[in-house]
Every structure is written in structure tokens, then in C-alpha cells.
1. Can you give the % of DSSP beta bridges in the chain that are antiparallel, to the nearest 5?
2. May I ask you to compute the full-extension gain from Thr12 to Ser88, defined as 0.36 nm times their residue separation minus their alpha-carbon distance, rounded to one decimal in nm?
3. In deg cm²/dmol, rounded to 500, what helix-only [θ] at 222 nm does the chain give when every DSSP H run of at least 4 residues adds -39500 (n - 2.57) and the total is split over its residues?
4. Contact order normalised by length for the range 24-130, with contacts defined as Cα pairs under 8 Å and 6 or more residues apart; what percent is it?
5. Over what distance in Å are the Cα centres of the range 1-67 and the range 154-178 separated?
6. Which whole-percent values make up P(r) of the chain when all C-alpha to C-alpha distances are grouped in 10 Å steps starting at zero?
7. If amide hydrogens are placed 1.01 Å from N in the peptide plane, which non-local residues have theirs closer than 5 Å to the one on Ala121?
8. Run the numbers on the chain and let me know its relative contact order in percent, using alpha-carbon pairs under 8 Å that are six or more apart.
Amino acid sequence: MTSRARALELLTTRSFRRGTFTLASGRQSDFFIDCKPVVLSAEGHALVGELLLAAIDTFDRRPVAVAGVVLGGCPLASAVALTSFRVSPEAALDAVYVRKEVKDHGSRRRIEGADGLAPAAPLVVVEDTVTTGGSTLSAVDELRAAGFDVVGVVAVVDRLEGAREAFEAASLPFRALFTRHDFIPADAPAEDA
């Protein structure tokens, strides 16, 4: 079984649910994909790190770091960083975390792990599941405001509800490992909850 097939099997059995859910965007949905049960498992962490790194390597420009949006993107960024070091220590990617808001104590940073990066360093943002792309674009804005060059976005799952179009409008190349059609066939009727 390929890494992609195994990751999809894990996501299907551990992360995908039918029912009625309210998404971060405020929209109602008849399905939900919570990638954390898979990504936080040892096997899932390794698989997702490998698959995300391969997707990142398809961009025209290679980043020096991978930024994960708190909370779902953080283990993804760490998985990619670890995988990149194991594959090629001399070209390893660092992990950066982007908070949704400044915390009221400690360093009061919205971006963690970027201290060692050069000004205008190229970064890729990784997300677990994207719907409209709003929270991702907010993180991109924060990274750009800090002087970084965001060269693309990679998601584990694209719900196919506008994120790709939002990223394209922001001139951000986008890749997704899976889409809603990997979990729900395109011709399947909506499920009543």
C-alpha cells in the first residue's frame, strides 16, 4: 500500500464523520474531517510529513520553513520539518507556528520559531482542512506583515468550498493531498442528519 493510500485509509476511518457540523467558517456541513486523530498518531505523523513534503517540493520556489496555523497546522509543520531533515539534512525546513491572536503573557508573539529566519525568507503554510481559506489567509497576512515571503499553501484536505479560489485570488499556489471527493464521491447525494 502506498503512503497516500494508507493516509487516506487512516483519515477515512479515524477522521471522517457524517452528521451536522458547524465549521470554523460558520457554515453548516453534513460532513466533518478532523485530521488530528490521524496526524497525532505516530504512523499518521510520519505519513503526512512525507506526503506534505512531496507536495511542497512541487512548488516553483523552495521554502526554508513550513508555517503551521495553530492548532491543526502545528503538528503538520513539525512533521514536515522532521521528515525534511531525515531526507536531506542540508536542505531541512524549519517549523514555524502562527497563532490566531497574540497571547497575553510570555513573549506575546503571534509567530513562533521564526527568530532564526532571514528577512524575506520563503515559507509555505500548511493546514489540516481548508474550507473558505479565511484562517489560512489571515496567517499569510501575518507572515507577510512580519516580512516573510509566503510561496504557497498545502492542505491535507480541501473541502472544495472556495479555499482554492481564495488562494488563487491572493496569488498563492495551492496543493491539497486529498479533497472531499476522496471521502464522498462527487455524485453522492447529501446525507440527511
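Quick note: the coordinates plus some simple rules give every number you see, no bench work behind them. Because the structure is a prediction, the values reported are computed rather than measured. Cβ atoms come from the backbone with ideal geometry, glycine included; neighbour counts cover every protein chain shown.
1. Percent antiparallel among DSSP bridges in the chain is about 25.
2. 24.3 nm
3. Taken over the chain, the calculation gives -10000 deg cm²/dmol.
4. The normalised contact order for the range 24-130 reaches 29 percent.
5. With the range 1-67 and the range 154-178 each reduced to a Cα centre, they are spaced 13 Å.
6. Binned Cα distances yield the sequence 9, 37, 36, 15, 2, 0.
7. Sorted by chain and number, the residues that satisfy this are Asp149.
8. Averaging sequence separation for qualifying contacts and normalising by length gives 19 percent for the chain.
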